[in-house]
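Notes for the one structure printed next.
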Amino acid sequence: MNNTMRVYHRYLGFFLSGIMAMYALSGIVLIFRDTDFLKRETEVERQLPANLPGEEIGRSLRLKEFKIEKTEGDLVYFREGTYNQSTGQAKFKAKQLPYVLDKMTKLHKANTNQPLFFLNIFFGAGLLFFVLSAFWMFLPNTDIFRKGVFFAVGGLVLTLILILL
């Protein structure tokens, strides 16, 4: 059983290493999602329904902290741009990650309506297999195994402490 687990662990590890690299990089980028780190400013034009109330403009454009600064005639001015009440035309500046990084961060945000959902389940199951198969790498009565258990418990405790803070 130990040798079989080692073989599965080794080849699944090689297979998942590319996926793990993508998740690691995109996870690091997501840590800075509330900053402008790596983001570029782009001009966006969207057609919205005419005569939307103020708060609905922000929701339709998916702008956080949306606030109308002033209104002059049909033009509604907000920090990022303008909205024409009569035509429904919205022009604003948005900060977005470069295309590839934006697609990579979607790995973490996928839900059951997206095909990436299956990759997330497979990846999670693969990581869970790694957790369990790691304990078959060494015989239970060895010092390395006991130390490994202590490290595993230490990692679990550290994570729980940080989650609960």
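The values are calculated or read from the model by the stated rules, or taken from the named source; none is laboratory data. These numbers were taken from a predicted model, which means no experiment stands behind them. Note: ideal-geometry Cβ built from the backbone for every residue, glycine included; neighbour counts use all protein chains shown. For the accessible areas, the whole protein counts, side chains as well, though only heavy atoms, and no ligand, DNA or RNA atoms are used. Shrake-Rupley method; radii C 1.70, N 1.55, O 1.52, S 1.80 Å.
Count, please, the residues in region 130-156 that happen to be touching a His at 6+ places or on another chain (Cβ under 8 Å), open to solvent by 90 Å² or more (accessible area, probe 1.4 Å) and not in a helix (DSSP H, G or I).
Summing the residues that are touching a His at 6+ places or on another chain (Cβ under 8 Å), open to solvent by 90 Å² or more (accessible area, probe 1.4 Å) and not in a helix (DSSP H, G or I) in region 130-156 gives 0.
Here are some conditions: (1) at positive phi; (2) in contact with a Leu (Cβ under 6 Å, 6 or more places away or on another chain). GLY126 meets all but one. Which one does it not meet?
With (1) at positive phi; (2) in contact with a Leu (Cβ under 6 Å, 6 or more places away or on another chain) applied to GLY126, the lone miss is (1).
Picking from ALA152, ALA110, ALA134, which residue would you name as being in contact with a Gly (Cβ under 9 Å, 6 or more places away or on another chain) and at pLDDT below 95?
Answer to the selection: ALA134.
Hey, can you tell me all the residues within region 31-82 that are within 13 Å of GLN96 (Cβ to Cβ), in contact with a Leu (Cβ under 9 Å, 6 or more places away or on another chain) and part of a strand (DSSP E or B)?
ARG40, VAL44
Of all the residues that make up region 16-61, how many are among the acidic types (Asp, Glu) and either open to solvent by less than 30 Å² (accessible area, probe 1.4 Å) or within 13 Å of the chain's Cα centre (by Cα) (or both)?
The total comes to 1.
Name the pairs: first residue in region 35-51 and aliphatic (A, V, I, L, M), second residue surrounded by 11 or more Cβ atoms within 10 Å (Cβ to Cβ) and assigned to a loop (DSSP other than H, G, I, E, B), Cβ to Cβ under 9 Å, at least 6 apart or on different chains?
LEU38/PHE32; LEU38/LEU97; LEU38/PRO98; VAL44/GLU80; LEU48/GLY88; ALA50/GLN85; ALA50/THR87; ALA50/GLY88
Just need a number here: residues in region 62-96 that are open to solvent by less than 40 Å² (accessible area, probe 1.4 Å), β-branched (Val, Ile, Thr) and closer than 29 Å to PHE37 by Cβ.
Adding up the residues that qualify gives 1.
Identify all residues within region 99-126 that are free of Cβ contacts under 8 Å to residues at least 60 places away in the same chain, surrounded by 13 or more Cβ atoms within 10 Å (Cβ to Cβ) and either charged (D, E, K, R) or in a helix (DSSP H, G or I) (or both); write none if there are none.
ASP102, LYS103, LEU116, ASN120
Restricting the search to region 87-98, which residues are of a type outside the set (Gly, Ala, Ser), farther than 28 Å from LEU116 by Cβ and in a loop (DSSP other than H, G, I, E, B)?
Passing the criteria: only THR87.
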